[in-house]
Amino acid sequence: GCSGSSNEEASVEEVTTEESAVEKEPLDLVIACAETTQALVDAVIPVMEEKGYQMTYQMFDNNVNTMVATNDESVDGLFLVHKPFMENFNKANDADLVMMEPHVFAVGMGVFSERYESIEEMPEGASVAIMNDAMNMDRGLRIFSDAGYIKLSEDVERATLLDIEENPMGLNFVEMDQTQTVRSLQDMDAVVAFFSHMKNAGKDFDNYIIRDQRPENYPQGVIVKEKNADAQWAKDLVDAFRSEEIRAFADDYYGGLYEYID
Amino acid sequence: MIQIHNLYKSYHHSDILKKINLSIEKGEIYGLIGQSGAGKSTLLRCVNGLEKFDTGDLIVEGVNLASITEKELRNFRKKIGMIFQDFALLHRRNVVENVSLPMECWKYDKKEIETRSEALLDLVGLLDKKNSMPSELSGGQKQRVAIARALSLNPSVLLCDEATSALDPNTTDSILKLLADINKELGITIMVVTHEMSVVKSICDKVAIIARGSIVAEDTVENIFLKESLALKDLVGQELISVPENQTVIKLAVRSTDIDKNFLWKLASENQIKFSIVSANIEQSKNSRFGHLYISVHNHEVDATQAYCEANGIQYTLVNTCGKGAEIDVS
Amino acid sequence: MIQIHNLYKSYHHSDILKKINLSIEKGEIYGLIGQSGAGKSTLLRCVNGLEKFDTGDLIVEGVNLASITEKELRNFRKKIGMIFQDFALLHRRNVVENVSLPMECWKYDKKEIETRSEALLDLVGLLDKKNSMPSELSGGQKQRVAIARALSLNPSVLLCDEATSALDPNTTDSILKLLADINKELGITIMVVTHEMSVVKSICDKVAIIARGSIVAEDTVENIFLKESLALKDLVGQELISVPENQTVIKLAVRSTDIDKNFLWKLASENQIKFSIVSANIEQSKNSRFGHLYISVHNHEVDATQAYCEANGIQYTLVNTCGKGAEIDVS
Amino acid sequence: MFLNFADTRLIEYLPKVIWPALLATLRMLFFSMILGLIIGSVVAVFLVLTSPYGLKPNKKVYRVLDFTINMIRSFPVIILIVAISPLTRVIVGTSVGEKAAIVPLTIAAFPVIARYIEMSMLEVDRNVVIAAKSFGASDSQIIFKVLLSEALPSIVAGLTTTTILFLASTTLAGAVGAGGLGAVALTYGYQRFDDVMMYAIVIILFVMVLIIQGIGELIYRKIKK
Amino acid sequence: MFLNFADTRLIEYLPKVIWPALLATLRMLFFSMILGLIIGSVVAVFLVLTSPYGLKPNKKVYRVLDFTINMIRSFPVIILIVAISPLTRVIVGTSVGEKAAIVPLTIAAFPVIARYIEMSMLEVDRNVVIAAKSFGASDSQIIFKVLLSEALPSIVAGLTTTTILFLASTTLAGAVGAGGLGAVALTYGYQRFDDVMMYAIVIILFVMVLIIQGIGELIYRKIKK
Ligand SMILES: Nc1ncnc2c1ncn2[C@@H]1O[C@H](COP(=O)(O)OP(=O)(O)OP(=O)(O)O)[C@@H](O)[C@H]1O
Ligand SMILES: Nc1ncnc2c1ncn2[C@@H]1O[C@H](COP(=O)(O)OP(=O)(O)OP(=O)(O)O)[C@@H](O)[C@H]1O
Ligand SMILES: [Mg+2]
Ligand SMILES: [Mg+2]
C-alpha cells in the first residue's frame, strides 16, 4: 500500500511505462521504500515537485526486493537500506547499485532490556534476541564485541553466530525478525533493536544498555543504478533528502531518531 | 407386533405414502408387494424409524414411533434388523468386519463376535470370502453379507427390502428357508418387500399390495393369489395365451382340497370332458398348495365343465367364448 | 455374433473364468444363468472389453478383443450397450441427463438427444421423473434409468446384467417385451444375465449355465428346462413335496405337442387312471409352451401310467416308489 | 494484549491505505485463484490421466508432473518469489507490483489446487467410470463429463479452503511491493506496532473469509444433489 | 540465477546450522501436525455432529465452531504469532523459540485440518450411515466406526497436503526465534545472498516434501480398498 489515495494504481502503471522510457532523462520518478522510510520519502515529494519532478514511491515490505527492483529497473531508485547491505547485494548478485554521495543519515541500534540495567547484571547463559537478517546480525554482534562481551573471528566480513570465537558469559543469541526482537522484550534477558522500532513500539530508545559505536558505517542514502549516478535527477534527489526542510521534518516526525551525516 | 395407523408421508410436494393402515401379528411373515416406486422401501424405512413420517401412528413392538426419543430409538433399532435394497456395506471393512459391526456397536464379547459372524457367514455360504472387500464381491455375495449383518443382533423384527433380488433360485431358497426357520424357532416378525411372487408364496403368511402409496389389497397369501384382485393383476400383468380353434379356455382356481379330490381326473373320467391343459401353475406355498390351471375344452363342452365346477365348488372363469383361434389376454 | 474361445480369467490367484467356450448368433437372445458368484457379471464385462482376460479369444461383431487397440475399443463399445447390476448412474446428473450422456459423448444433435431421451424415458415409464436426481429414485426406478441409458445409442449388442432384478413382475414384463421387440425389429443380439427363470423362459432363445467359472450346460431354453440337467438342479434347487399314502408321484415333462394331444385327458378317460395333480408348471415361453407336471397315482396304477407315457412318447420320472406318506425331494 | 487507540493511525489510513489495499487484495486473489485454477485443473487432469491407476497410464509424464508439483510446494513462498523473479519479468515486464505478485501467487497456488482436484477425482465411484467406458466415452469425456462433474462438490469445497489459505498468502505480495491488506497489516500494523490497525485489518480479512466460505458453501449446497 | 560456489558457507554450515535446523523443523512440524490433527479431528467431529445436516443438529454449537475456525483462518500466520503470544506465554512460558512456535503453528493448522476432515466425512455414502443407524449404532459409533473410518483415505490425502503446506509455514517460525530450515534458508541464504545455501535448503525441503508425499500415498494406497 502507498500513501496517496491515487498513488496505489498509478504506481504500478508507472513502473511499466518507466521501462520503455529508461534511456531519456526521466521527469517521472518512482522510488522504492518500506515502512521505515515511507514517511520521509513522502515528505520529499513536494520538494522534488518544486524542482520539476513528478515523483511517486512504491512501498515494499521486504528490503531485498527494493534492490532487486532497482537493479532490474522496475523502479528508479530506493531509499531504505544501508550501504553495507547494498554492497553485499551487489557482490552476490553482480549488481551495480551505488549509494549517492553524500549519504543522508544513519539510524542507531542498541541493546535493550526490561530485566537488567547492564550486561554485567545478566546471568550466565542469558538469552539475547538478535535480528536474523545478515547485516543487522553482524551489526548487532559487533555491538557486543566492541563492548568486549564476545570475540568475533577476525577474518569475517559479515559475522554470524558461528563466528563468535569467545563468549565468556555464554550469551545465548536467538535469531528473529527485526520487529520481533522488540516484541520479545518480556521473554528475553536482552534484545538488540533498532531505535526506530523501539520508538514505533512506544518505548524509549534512549534507554539502551549499550549502543552501536559506529552508526556512520551503516549510512542510508539514495541508491540508484551506477549508470544513473551522474544523472541530475539523482543528485537533485540527494539534495532534497538533505535539505533543511526535510531535516526539520525528520527531526520532528522521528523525534531525533535519524542521525544526519554531515 | 406392528401396527400402522393412518400413516402419511410426503417428499417435497408429492405424497409418497397415503393413509397406510396395516396390522402385523407377532411371529408373522408379512409380504409387501407393489410396483416399482409404489412406496415399499419408504414404508419399510418408516417402520425402522429411519424415515420420519408426516402424520399417523406407527407402533412397533409396543413402541410408538411418532413420539419416540432419540435414546429410545437406538435401543428400539437394536431389535429391528434391516436388509437394504442397495446392501449399504461399508466399503472399507471386509466381509467379516461388516457382519461384526452391529455386534461391535452393541459391545458384544470379542470371542462371541468372531464365532457368531463366522457362523452367519457360513449360513449364507460366504465363509471363504470372509476376508474379501465388498468391491471384490459379486452382486449376490454383497447381498448375502447384508443379510448376515442384519441377522447378527438376533432381531425380533426383520425388515427385508428385496433381500434376495440378486440371488439365484437355489441360494434364494436357502435364504428363505433360513428366514422361515428363524421365524419358526424364535418367533420373529418378518416384513418382506419383494417383487418375486415365488418368494411371497414360499414364506409369507399374509401379503399386502401397495400401489401409488396406498394399500390396495391385503389378505392371506392363498386368498390374494386365488382371488386375483385387480390390484394383483395390475402388479403381475397379463399373460398372453393362444386359444385353439373352437375351444374355450377356462381358468380354474384350485386349492389343496380340490387337488386332494382328484378334480381333474373326475372331469375327464366321470364327465368325459376332453380338456387340454393350456397353462398351469400349482405350487407348494408355505401353508398349502394352490394355483391356477388353464384348460381348454371344446365350445360345446363348456356348459358341462361349468356345471361340474359348480357342483364341486371349484372357482372358475371363462376366459373367452368366441370360437376363432385367437390371442387373448388372460390373467 | 459373439464367439468366445477358451477364455480364461483370474483375479489375484483365484480362477474366475475357466476355459469358457460360447457362440452366440447374431439376433439371438442368449441367457446366462448361474449361482451367485459363478462369474456371470465378469464374463459379461469381458464381452464389453471392460475387463481384461488372461488368455483365450473373444470375438464380438467381428472384433477380436484379445488384440484390440484403445481407439478401436471406443468405437466398438458404441455398438455394445450394457445395463449394470448396480445401475452405475451418475449421482450429479438428473434422470434425463443420465440417459442423454452416451448421446452427448457421441455428439448427437441436441434436439435429437432431447427427443430420444424423452422417448426412452417414456418407454421405461419414467417421464414424470425426468428431472429427479438418482438419490430421489426407488431401486426399480434407478434400474429403469440404467436400461434407458443402455438403449440410447441403438446398440447392436445389448448386455443385461440382472436388468430386471429390482422390478415388479408387470414392469419386468414390459421391459422384457421392449427388449424382445427391439431384438425382433433391429435384429440386435442380447445377452441376458439373470437369476429369474421366468425371464429366461420368456425371452431367451438359448441359455447357458455357468458354475464356478465354467459353462456346465448350454442348449435351447426348452431343452435346458425339460432335460433338467444336474447343473439346472443345482441352480434352481429342490422342491419339497408331500406324497400322499399309497401313492407314487410321477413327474411328466410336457411339450406343446403333448399338450395339443390332450395327454392328460387321455390318461384319465382312456386309461382310467385316477391321478391327482401335485404340482404343475406349464408356461408360455418365447417359442413354445412346455413345463412339468407332477401327478400322483395309486401305487398299483404306476405301471399303467408308465406304459401310457411310453406309448405316447412322454418323458417321465418316478419320483418315489415307497408307499408311506413322506416328504421327499423332487426336482 | 492492550490496544492503544490513542496512537493508532487507523482512521487516517482507512480511506487512503486500507481501501485501496482491500481492492488490491481482491484483484490479486481473484486473478491468482483463477489462473491457479486453470493451470491446476489442467495439471490435475493430466495427473489423473497418466497416473498408474488412471485412464492412460504414462509413468514418465506422471513422474514429471508429480515432481514439479512437489518441487514447487517445497519452496517457501518468499524464496519462490525471488527464484522466479526472472520469469515474472518475462511474463509481466516487471518483477514488482501487483501484476508481478500474481505470478508467484499463481505458481504457489496451482500445485495445491491440482492436488485437491486430483484427490477429489480419485474419490469418484469407480463403477460410474466403468459405465461411461461401456458406452464408449473418450478419455476426455470421462474426465470432463464424469470425473470432474461428479467430483464438483468436493472440488468446490477444496477451492474454498484454498482461496482462504491464499487470502492469507497474498500477505506475502507485500514483499514485491504489491500492497494488499496483508502487507498493510504487516507494515503499518505489525512492523509499526500499531495493534489497532493490525486487528482492524484482521477483522476485514475475517469478513472476507466469511464471504468466501459463504459463497463456497452456497455453491456446494447448490450443486450437491 | 547463477550460483557462486566460491563464496558459499554451505559446507561449514551443514553440520552446525542446517542439521540442527532440520531437526528443529521436523520437531515443529511433527508436534504441530499431531496437535493440529487431534484438535482438528475433535472440532471436525463436532462440526459434522452439529451441522444442520448432521446427526445432532445444533445451530449454536455449529455457528460457534464455524465462526472460530473462520476467524483463525483469516489471520496471516505472522500476525497470528503476535496475536496469540500472550496465550503462547501462558502455555509454554515464553513466546520465543521452538516450543513457542508450535503453539501458533498448531492453532493455524487445526482449522485447516478440521475443514479437511469435515469435508471428507461429508462425502461418505449416506446409505452406509443409514444402515448403521438401522442397527442402532450410537452417534459416536457412527462418527468413529462409519464416517471417520470410511473417509480415512480421503482424510489421509488431505493430511498429506496440509503437512506439506505447513512445512513451508514453519519458515515463519523463524520470526519468533524458533529456527528451522526455512529460517536458515531465509537468514543465511536469501538475506545473505548465499544462493548455494538457499537452494541446498530448498533441495532438503524438497526431499522432505517427497518423503511426506510418499508416506501419505503409501498409507492412502494401503487403506484404500
Ligand atoms: N429423497 C426423495 N425425494 C423425492 N422423492 C423420493 C425420494 N425418495 C423416494 N422418492 C420417491 O418415492 C417413491 C417411493 O419410493 P420407494 O423407494 O419407497 O419405492 P419402492 O416401492 O421401494 O420401489 P422399488 O420397488 O422400485 O424399490 C418413488 O416414486 C420415489 O421416486
Ligand atoms: N475385484 C475382484 N477381486 C477378487 N475377486 C473378485 C473381484 N471381482 C469379482 N470377484 C470374484 O469373482 C467371482 C465372480 O464374480 P461375478 O461378479 O462375475 O459373479 P456373478 O456370477 O455375477 O454373481 P452374482 O449373481 O452374485 O452377481 C466372485 O466369486 C467374486 O467374489
Ligand atoms: Mg424399493
Ligand atoms: Mg453379477
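Pairwise Cα separations in chain A fall into 5 Å bins from 0 onward with the following percentages, short to long: 1, 6, 13, 17, 17, 15, 12, 9, 6, 4, 2, 0, 0. When the GluC sites (Glu not before Pro) in region A:50-135 are filtered for DSSP coil states and for at most 10 other beta-carbon atoms within 10 Å of their beta-carbon, the remaining sites are A:E117, A:E120, A:E124.
Placing R0 at 22 angstrom, the Cβ-Cβ distance between C:Q272 and C:A311 gives a FRET efficiency of 0.90 after rounding to 0.05.
Centre-to-centre separation between the Cα atoms of region B:111-155 and those of region B:86-110: 9 Å. Each residue of region C:82-99 was assigned a 3J(HN,Hα) from its phi angle through the Karplus expression (A = 6.51, B = -1.76, C = 1.60, θ = phi - 60°), giving 9, 9, 8, 4, 9, 6, 6, 7, 6, 5, 9, 10, 6, 4, 5, 5, 5, 5 Hz with x at Gly and Pro. Across the accessible surface of the protein assembly as shown, with the other protein chains kept in place and a 1.4 Å probe, carbon and sulfur atoms take up 55 percent. In summary, the protein assembly as shown shows an alpha-carbon radius of gyration equal to 1.22 times the 2.2 N^0.38 Å reference for compact globular proteins. Measuring against 22 Å, Cα to Cα, the residue pairs C:K201/C:K233; B:K251/C:K177; B:K78/C:K142; C:K79/D:K224; B:K130/C:K19 contain B:K251/C:K177; B:K78/C:K142; C:K79/D:K224; B:K130/C:K19 as the ones spanning a longer distance. Principal semi-axes of the equivalent ellipsoid, √(5λ) from the alpha carbon gyration tensor of chain C, are 44, 23, 17 Å from largest down.
Only lysine pairs 8 or more places apart, or on different chains, with alpha-carbon atoms under 15 angstrom apart are counted in chain A, and they number 8.
Shown here: region E:149-225, whose C-alpha atoms stretch 50, 24, 11 Å along the first, second and third principal axes, sorted largest to smallest. The value given for region B:177-297 is a Kirkwood hydrodynamic radius of 16.4 Å, derived from the mean inverse Cα-Cα separation. The residues of the protein assembly as shown present an accessible area of 39 Å² per residue when probed at 1.4 Å with all protein chains retained.
Any idea of the total accessible area buried by the A-E contact, 1.4 Å probe, rounded to 100 Å²? Its buried surface, counting both partners, is about 2200 Å². Treating each Cα of region E:2-224 as an identical point scatterer and summing with the Debye formula, the log10 of I(q)/I(0) at q = 0.14, 0.18 Å⁻¹ comes to -0.91, -1.23. With one equal scatterer per alpha carbon and no solvent term, the Debye-computed log10 I(q)/I(0) for region A:150-204 at 0.14, 0.18, 0.27 1/Å reads -0.48, -0.72, -1.05. When the Cα positions of E:I155, D:M121, C:I4 are compared along the charge dipole of the protein assembly as shown, C:I4 comes out farthest toward the positive end, with charges on each C-beta of Lys, Arg, Asp and Glu.
When accessible surface is computed with a 1.4 Å probe, chains D and E are found to bury approximately 4300 Å² between them, both chains counted. Summed over both chains, the accessible area lost when C and D associate is about 2000 Å², using a 1.4 Å probe.
Counting only aspartates and glutamates at least 8 places from E:K133 when in the same chain, those with an alpha carbon closer than 12 Å to its own are B:E51, B:E70.
In summary, the aspartates and glutamates within cross-link reach of B:K227, defined as a Cα separation below 14 angstrom excluding same-chain residues under 8 places away, comprise B:E218, B:D219. Over 12 Å, how big is the tail of the calculated P(r) for region E:61-111, in percent of all Cα pairs? Pairs farther apart than 12 Å: 61 percent. Listed values for region D:30-40 are Karplus-derived 3J(HN,Hα) couplings in whole Hz (6.51 cos²θ - 1.76 cosθ + 1.60, θ = phi - 60°), namely 4, 5, 5, 6, 4, 5, x, 5, 5, 5, x, and x replaces Gly and Pro. Computed over chain B with a Gaussian network model linking Cα atoms closer than 10 Å, the most mobile of B:L232, B:L120, B:L267 is B:L267. Computed from backbone phi, the HN-Hα couplings of region E:145-150 come to 7, 10, 5, 4, 5, 5 Hz, rounded to whole numbers (Karplus: 6.51 cos²θ - 1.76 cosθ + 1.60, θ = phi - 60°; Gly and Pro given as x).
Straight-distance candidates among the aspartates and glutamates for linking to C:K111, with alpha-carbon spacing under 15 Å and chain neighbours fewer than 8 residues away dropped: C:E97. Evaluated at q = 0.12, 0.14 Å⁻¹, the base-10 log of the normalised Debye intensity for region D:107-190, with identical point scatterers placed on the Cα atoms, takes the values -0.51, -0.60.
The values are calculated or read from the model by the stated rules, or taken from the named source; none is laboratory data. All values reported here derive from a predicted model rather than from experimental measurement. Here Cβ is always computed from backbone atoms with ideal geometry, including for glycine, and neighbour counts include all displayed protein chains. The accessibility values were calculated without ligands, DNA or RNA, using every heavy atom of the protein model including side chains. Shrake-Rupley method; radii C 1.70, N 1.55, O 1.52, S 1.80 Å.
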